[in-house]
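Taking it in order: structure first as structure tokens, then the write-up.
The values are calculated or read from the model by the stated rules, or taken from the named source; none is laboratory data. The structure displayed is predicted, hence computed values, not measured ones. Quick reminder, even Gly has a Cβ in these numbers, built from the backbone with ideal geometry, and neighbours come from all protein chains shown.
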Amino acid sequence: MLGFRYSPAIAVGKLLRIALRLRGGGSALPGLVTEFFAPNLLSKVLGQLPRGVILVTGTNGKTTTTKILVELLSAHGLTVISNPSGSNYSRGILSALLGSVDMRGRLDADIAVLEIDEAHAVSFVRVIQPKVSLLLNVMRDQMDRYGEMDRTTQMLHKVAVATRDVLVVNFADPRLGSADFLRDVTARVSGFGISDRLRHLYAVDDELTSEVDEAPAAEAASPATVLEEVGTTSVVSFGGRTHEFQLPLDGFYNQVNGVAAVAACRAVLGDSFEPKRGLAALPSIVPAFGRGETLVVDGEEVQLVLVKNPGGFRVVMAAFEHSNVSTMIALNDNDADGRDVSWIWDVDFSPLGEGVDVVTGTRAHDLRLRLNYDEIPCSVVEPNPARALREFLARNPGERKRIYCTYTAMLAVRRILRLEALGEVA
Amino acid sequence: MTAERVTVLNLYPGHMNVYGDRGNMLTLRRRLEWRGYEVDAVDHHPGDVLPDSPDIVVGGGGQDAAQALVQPDLLEHGARLREWAESGTPMLMVCGLFQLFGHHTYTVAGSALPGLGILDVTTDAGGGRLVGNTVTVSEEFGPLIGFENHAGRTRLGPGVNPLGKVPRGQGNNGTDGLEGAHYKNVIGTYLHGPVLPKNPRLADHLIQVAVDRRFGPTELAPLDDSAVDDARASALARRR
Ligand SMILES: [Zn+2]
């Protein structure tokens, strides 16, 4: 019981939250203010959850996986709180929680599932010990800001060590599944993975260059939850049995995210996990913001795909059909995208061999140069996103359209399309 | 008639390839292929045997740990690499391998890590990374556009020329306004981006030296570089 000690801070935060909502758009400000008045509120609030905190982190797939895990747990009757995408650090989380706490700081929930980026996860676990942590992957992501992959691995290692009950880790990732990574983890380790047959579909950054030096991990143990087949109906195996499921998200990597969420859900619920009940929740999952959502603009279906790093780009390209699809790529180099765009040279663009219709963004010309060196034709170079979109929509009417965008390019494209969108599908 | 073959040796692509350095190899390959040459790209990994006499040698940057990992193999092959360098083989060494081509660099733990000493440069740990878009002004190659990202501070000895000049706060060490190193046909630089795609004069210099040495004096066919020109113009216009 927290009593009313934190009431003033909570009240201020709640009021701010409502005020900002009315103005439109969420913000980390209420969390910031509340944190200022009551610095340990977050740990106090989260500490009372009967089933504790589940932390989801890694380079790619956090938002989608978190979303799926929330659905799986809700399907088992749990009240789950989660942070909306983008607010993946403590103030953002606190801002999100302010909506669910009463004035005494009581949370009406059983469990929290929080996506936190790697750097913030380290400071988060210093304050709050996750009951279960789900570590998805280590790929190159904006290295000019976050440093290097080794450092990311070290960050995730700190999260692993701080985890209390179960560490759910991707055994298909050579860094995370290695015996060295798991050396001093005290929580029970439960891996998820993919069958040997699907292995070639999974991009690990090391393979972008050539060899993987350390034996591909996972000698320590075999994963408990495995993606066996992918398709309209996919197959996952655990507990000595196979189970079919339908997760209507494009791409192999999303099926892997689905299996990661199933593994984490099993870790949370133990014997009370019901495969039928859980997997029945998957068909109604819709793509998270920028993860393959489709907008309809002037009767044209436009699919938006967020790309942040070479591993992620390669994975999404491998996932999609490319014939009879018009393609646009939007590359920005603002701080939130990563100012260094060198990474596009680590992407093999050959899946787009038929050609790219339009390139745009602050680095449109770099992109065209990159495609040029892969001998992929590129029809229009237009750095201005509004003009580029107009051009793109006018080309090849009736053909499916797909736009790959970096983060701030995604925001810009979405804002422009939203203005013109007749409605949203799926 | 079979095409003339050019061998490009790529040092440690598995360990020393962060920040897209892979693009340097691709640029050399395409600019050779577009001129009708056939390219033998040879990847060298620790433990491998070196090819007989490569026409061009390239190497990239790596994470600190990777650098210490490849160093023993590099030193083992030091004599051959030095012989190639002295005899005029064109080489491009970026970031981590630039440092290892010098007398010493440093380990994560802070001690000195001996290098090949082909380039008269030394590198020590520095406070804070030098990160950002840069333009190096080179007398020989014009403005070189790149992105730098390194913690090491490199100083040139008397036996080597800089590749070019940069504003202070960038380049080899952030203080002397110099970038890279140039000795015979060996070029060391901190420029990623990667450096060759957007700087074709530098790429073609390596190619020119290589084909002249292999096949005798050669006139390189001009290429359509409009995509490069646009990318360079756009980068120069919005540099920050
Ligand atoms: Zn570097």
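With respect to the conditions (1) within 14 Å of chain B (Cβ to nearest Cβ); (2) surrounded by 15 or more Cβ atoms within 10 Å (Cβ to Cβ), residue A:385 falls short on a single one, namely (1).
With respect to the conditions (1) in the same structural domain as residue A:130 (by TED's automatic domain parsing); (2) in a helix (DSSP H, G or I), residue A:243 lacks only one, and its number is (2).
Could you identify the single residue in B:35, B:29, B:5 that is surrounded by fewer than 24 Cβ atoms within 10 Å (Cβ to Cβ), under 15 Å from residue B:214 (Cβ atoms), in contact with a strand residue (DSSP E or B) (Cβ under 7 Å, 6 or more places away or on another chain) and charged (D, E, K, R)?
On the way: B:35 fails: in contact with a strand residue (DSSP E or B) (Cβ under 7 Å, 6 or more places away or on another chain); B:29 fails: under 15 Å from residue B:214 (Cβ atoms).
Matching residue, one of B:35, B:29, B:5: B:5.
With respect to being part of a helix (DSSP H, G or I), in contact (Cβ under 8 Å) with a residue 12 or more places away in the chain and under 30 Å from residue A:370 (Cβ atoms), residue B:211 fits the description.
Name the residue that is farthest from residue A:414 (Cα to Cα), counting only residues in segment A:270-311 that are part of a helix (DSSP H, G or I) and among the basic types (Lys, Arg).
So in segment A:270-311, the residues part of a helix (DSSP H, G or I) come out as A:270-272, A:275-279, A:282-284, A:310-311.
Narrowing further to those that are among the basic types (Lys, Arg): A:276-277.
Numbers: A:276: 36, A:277: 35 Å.
If we take residues in segment A:270-311 being part of a helix (DSSP H, G or I) and among the basic types (Lys, Arg), then A:276 is farthest from residue A:414 (Cα to Cα).
Taking the criterion of being in contact with a strand residue (DSSP E or B) (Cβ under 9 Å, 6 or more places away or on another chain) and loosely packed, with under 14 Cβ neighbours inside 10 Å, the residues of segment A:388-414 that qualify are A:397, A:398, A:399.
Return the residue satisfying two criteria in turn: it lies in segment B:137-165 and is within 14 Å of chain A (Cβ to nearest Cβ) and of a type outside the set (S, T, N, Q), and of such residues it is nearest to the ligand (Cβ to nearest atom).
Kept after step one, since they are within 14 Å of chain A (Cβ to nearest Cβ), are these residues of segment B:137-165: B:145-152.
When the remaining residues are screened for being of a type outside the set (S, T, N, Q), the result is B:145-148, B:150-152.
Working: B:145: 15, B:146: 10, B:147: 9, B:148: 7, B:150: 4, B:151: 9, B:152: 9 Å.
Looking at the filtered set, the residue picked out is B:150.
For segment A:344-382, a tally of residues being over 24 Å from residue B:17 (Cβ atoms), within 14 Å of chain B (Cβ to nearest Cβ) and either part of a loop (DSSP other than H, G, I, E, B) or not hydrophobic (A, V, I, L, M, F, W, C) (or both) returns 6. Given the structure, is residue B:128 within 14 Å of chain A (Cβ to nearest Cβ), more than 17 Å from the chain's Cα centre (by Cα), of a type outside the set (Val, Ile, Thr) and on the phi > 0 side of the Ramachandran plot? Yes: the conditions hold for residue B:128.
Just one of the numbered conditions (1) under 25 Å from residue A:386 (Cα atoms); (2) at pLDDT 90 or above; (3) of a type in the set (A, V, I, L, M) is not true of residue A:296: (2). Count of segment B:61-97 residues, restricted to those that are within 14 Å of the ligand (Cβ to nearest atom) and not in a helix (DSSP H, G or I), is 7.
Return yes or no: is residue B:171 within 16 Å of the ligand (Cβ to nearest atom), within 11 Å of chain A (Cβ to nearest Cβ) and buried (at least 20 other Cβ atoms within 10 Å of the Cβ)?
On the way: within 16 Å of the ligand (Cβ to nearest atom): yes; within 11 Å of chain A (Cβ to nearest Cβ): no; buried (at least 20 other Cβ atoms within 10 Å of the Cβ): yes.
It is false that residue B:171 is within 16 Å of the ligand (Cβ to nearest atom), within 11 Å of chain A (Cβ to nearest Cβ) and buried (at least 20 other Cβ atoms within 10 Å of the Cβ).
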